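One structure is given here, and the rest of the page talks about it.
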Amino acid sequence: TGYSATRIVKTGGNEISGKVYSQGRNERWEMSVQGMRQVSILQHDAGRAFLYMPDMNMAMTMNTADAEKYGVSDVFTGIEAEEAGTEIVDGEETTRYRIPPTPKNGNTETMVWITDDGIPVKAEGEGSQGAFSMVLKDLKRGPQDASLFRLPDGVMPMTMPAGLPGMMQGGLPAMPLR
């Protein structure tokens, strides 16, 4: 299911809001961090992610394992979740899942609300860095243009230095995505 929405993430006393686009196993999240526009592009099937900074016309690439440290992960990859009821979230019928703490997820207890067509519209939890939450607003289903999930022509990505992803976002906890 393709969709676009506004994603609002709250963690460590900070709030980051931005437009998210998803199609298949690709995702784009546009945000502004400390006044600088940043675009995260995730290509799960290709096993890579890009951090694009349009204001500098610069991009960095990393594999998706490193991208998980940056604050995004694929909720359907090797995470065991137990169904914990149903709930309507912002007008959407969802199934709530509890993801128990494990070493893989940083011993974070997480609840995720997912629509029948697989869209995670809400998540919240508590981890070593405190409480965090994610919510989608203004959800619009429909196909998303493939160009959203590529870097602009002429932008050659550098390899992300080790340790940089967590520093750039203040070490956001992993936010599940489809």
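The values are calculated or read from the model by the stated rules, or taken from the named source; none is laboratory data. What you are looking at is a predicted structure, and each value in this text was computed from that prediction instead of being measured. In this analysis, Cβ positions are derived from the backbone assuming ideal geometry, glycine residues included, and neighbour counts consider all displayed protein chains. Accessible surface is based on the protein model in full, side chains and every heavy atom, while ligands, DNA and RNA are left aside. Shrake-Rupley method; radii C 1.70, N 1.55, O 1.52, S 1.80 Å.
Only one of Arg7, Arg96 is under 30 Å from Met156 (Cβ atoms) and either at pLDDT 85 or above or not in a loop (DSSP other than H, G, I, E, B) (or both); which? Break it down stepwise before answering.
Numbers: Arg96 fails: under 30 Å from Met156 (Cβ atoms).
Of the residues listed, the single one that is under 30 Å from Met156 (Cβ atoms) and either at pLDDT 85 or above or not in a loop (DSSP other than H, G, I, E, B) (or both) is Arg7.
Of the residues making up segment 1-23, just one is farther than 16 Å from Val135 by Cα and open to solvent by less than 30 Å² (accessible area, probe 1.4 Å), namely Gly2.
For segment 69-87, the candidate set comprises residues that are touching a strand residue (DSSP E or B) at 6+ places or on another chain (Cβ under 7 Å) and open to solvent by 70 Å² or more (accessible area, probe 1.4 Å); within that set, the residue that is modelled with the highest pLDDT is Thr86. Screening segment 24-41 for residues that are of a type in the set (S, T, N, Q) and in a strand (DSSP E or B) and picking the one that is most open to solvent (accessible area, probe 1.4 Å) gives Ser32. Scanning segment 153-178 for residues that are surrounded by fewer than 16 Cβ atoms within 10 Å (Cβ to Cβ) and either at pLDDT 95 or above or in contact with a Lys or Arg (Cβ under 7 Å, 6 or more places away or on another chain) (or both) yields a total of 1.
Scanning segment 127-138 for residues being part of a strand (DSSP E or B) and open to solvent by 40 Å² or more (accessible area, probe 1.4 Å) gives a total of 3.
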